[in-house]
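The values are calculated or read from the model by the stated rules, or taken from the named source; none is laboratory data. A quick note: this is a predicted structure, and the numbers were derived from the prediction, not measured. Note that we place each Cβ from the backbone using ideal geometry, even for glycine, and neighbour counts take in every protein chain shown.
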Amino acid sequence: MNQPPTLPLLPSDFLWGVSTAAYQIEGAVAEDGRGPSSWDAFCAEPGRVLNGDSGEVACDHYHRYPEDIALMAGLGVDAYRFSFSWSRIQPAGSGAVNPLGLDFYDRLVDGLLAAGITPSPTLFHWDTPLPLEQAGGWLNRETALRFGEYAGIVGEHFADRIPRWITINEPVVLTMLGYGAGIQAPGLQLGFDALPAAHNLLLGHGLAVRALRAAGASNIGVANNHAPSWAASESPADQQAAGLYDNIANWIFADPILTGRYPEALAGLLPDAPAEVLEHDLAIISSPIDWYGINYYNPTMVAAPGHSASQGDGPALIDGHELDASLPFELVDIDGYPRTDFDWPVVPDAFTELLVSFKERYGDALPPVYITENGAAINDGPDAAGRVEDQRRIDYTDAHLRAIADAIDAGVDVRGYFHWSLMDNFEWAVGNSQRFGLVHTDFDTQKRTPKDSYHWYRRVIEANRGQA
Ligand code: GAL
């Protein structure tokens, strides 16, 4: 096998982890009192998810969590990022708590602690309780208030055992793909009218920070997806489109948390709330956090509308879906780089660029950074001998860890890395077709097979500990 000559080295106290999310791995959607979520409903709509897949069984982690903890122990990770299913804990999204839901996470958390792995959960990874979704979901401010209450319930129960917390995952994706473009749950195509969801998700984040602290929890962060927004050309029109996209994909989700303000360029697009309400909300949204989580996969290339037509290409796409032609930007293919099996470009340098841009934008207002997700869809399966040779995942991860090391050298305080993902799982709108795991999941038999990348990541962790 072509091993890179050396293993990537990060600071000796760097935190090493893996990441998953409830709906993508748990299954057991109707068990022990769990209520339905937006994703159960979305998957049940014909044509929404590739091959009619759903998270109904996923990796059956609900029953197989001891095996999955053992896999993590074998990997030697310090920490595990998973998410709580809100509708397992509070089936209606408000009101009564389901003790059996808490019991499951008690077993998981206690199992992790016994294995020496730090539970680092996310409170919300897109699976909104269905009754709340039916009442408007994140377009409705009420959902943010209910989320704050739920955060308090989880905090009260777990604060003494959980030393690191994440409020919400990637509000940008839920806003853009869920409410804007209709590619993910709840499947609405509101275009810019989706932006109130961004505000309410941010408000939910801030309320959760406060509720967690009130419950005695500490070490609280958020997991935001970020991607450098590259203009397709030097033309003023492309530059302007890329600047707008940068604001609505990146800074609208980071500025309010880190500075208490929305980017000025977006003033005209923001929720039409009275100034005092906005000010009140921004004070909550900017409640101090202890660290900032970045999920990075690849950069985005942006052009002014009409680019594809002028190139004689087909319609502008986002994740293979046609983009609303009335939007003031187009997303364009990035050529000249290797691609993952999901067709995402592999651009490690853009990761360094992104991390450095955070330091430049926020200076001392940027708390320590953790990489809460990074990984690649590489669909290699077991060979006849049962081995999964996913060298391209090793190459991707190796290069991205070195990109983090470069950012640290450039003065960015990055403290840890959670690889996405521990195991192949339900990859949202593309179902089980794209495999992000260090561990291969056979979705028919539920057999787990550690891939070459799993053994490589274990060696990386060992080598890094060895420097201490
Ligand atoms: C992120 C998301 C994860 C996972 C990953 C790979 O946007 O938080 O749940 O699906 O992308 O696509």
Original post:
Looking at (1) without any contact (Cβ under 8 Å) to a residue 12 or more places away in the chain; (2) over 26 Å from the mean Cα position of the chain (by Cα), which is the one condition that is false for Ser308?
Top reply: (1)
**OP:** Collect the residues in the stretch 178-200 that are in contact with a Pro (Cβ under 8 Å, 6 or more places away or on another chain), among the aliphatic types (A, V, I, L, M) and surrounded by fewer than 24 Cβ atoms within 10 Å (Cβ to Cβ), keeping them in residue-number order.
**Re:** Leu195
Subject >> the stretch 113-136, residues that are in a helix (DSSP H, G or I) and in contact with a helix residue (DSSP H, G or I) (Cβ under 6 Å, 6 or more places away or on another chain) >> reply: Leu130, Leu132, Glu133
Original post:
Restricting the stretch 12-28 to residues that are part of a loop (DSSP other than H, G, I, E, B) and within 16 Å of the ligand (Cβ to nearest atom), which is surrounded by the most Cβ atoms within 10 Å (Cβ to Cβ)?
Top reply: Glu26
Subject >> Selection status of Asp424, within 14 Å of Pro8 (Cα to Cα), of a type in the set (Asp, Glu) and either within 15 Å of the ligand (Cβ to nearest atom) or crowded, with 17+ Cβ neighbours inside 10 Å (or both) >> reply: no
**OP:** Return the residue satisfying two criteria in turn: it lies in the stretch 344-377 and is of a type outside the set (Ser, Thr, Tyr) and within 12 Å of the ligand (Cβ to nearest atom), and of such residues it is surrounded by the most Cβ atoms within 10 Å (Cβ to Cβ).
**Re:** Ala376
Original post:
Which one is farthest from the ligand (Cβ to nearest atom), of the residues in the stretch 146-168 that are over 24 Å from Tyr292 (Cβ atoms) and touching a Leu at 6+ places or on another chain (Cβ under 7 Å)?
Top reply: His157
**OP:** Taking the residues in the stretch 286-305 that are surrounded by 23 or more Cβ atoms within 10 Å (Cβ to Cβ) and not in a strand (DSSP E or B) as candidates, determine which candidate is farthest from the ligand (Cβ to nearest atom).
**Re:** Tyr296
Original post:
Among Leu71, Leu50, which is the only one that is within 16 Å of the ligand (Cβ to nearest atom) and over 24 Å from Val154 (Cα atoms)?
Top reply: Leu50
Subject >> Per-region count, the stretch 44-55, residues surrounded by fewer than 23 Cβ atoms within 10 Å (Cβ to Cβ) and either in contact (Cβ under 8 Å) with a residue 40 or more places away in the chain or within 16 Å of Asp424 (Cβ to Cβ) (or both) >> reply: 7
**OP:** Taking Gly137 as meeting all but one of (1) more than 16 Å from the ligand (Cβ to nearest atom); (2) within 16 Å of the chain's Cα centre (by Cα); (3) under 19 Å from Tyr23 (Cβ atoms), write down the number of the exception.
**Re:** (2)
Original post:
From the list Gly312, Gly336, which one is at pLDDT 95 or above, of a type in the set (Gly, Ala, Ser) and either away from the ligand (no atom under 16 Å from the Cβ) or surrounded by 17 or more Cβ atoms within 10 Å (Cβ to Cβ) (or both)?
Top reply: Gly336
**OP:** Quickly run through the stretch 202-246 and pick out the residues that are buried (at least 23 other Cβ atoms within 10 Å of the Cβ) and among the aromatic types (Phe, Trp, Tyr).
**Re:** Tyr245
**OP:** Report the residue count in the stretch 400-436 for those that are assigned to a helix (DSSP H, G or I) and farther than 30 Å from Ile183 by Cα.
**Re:** 9
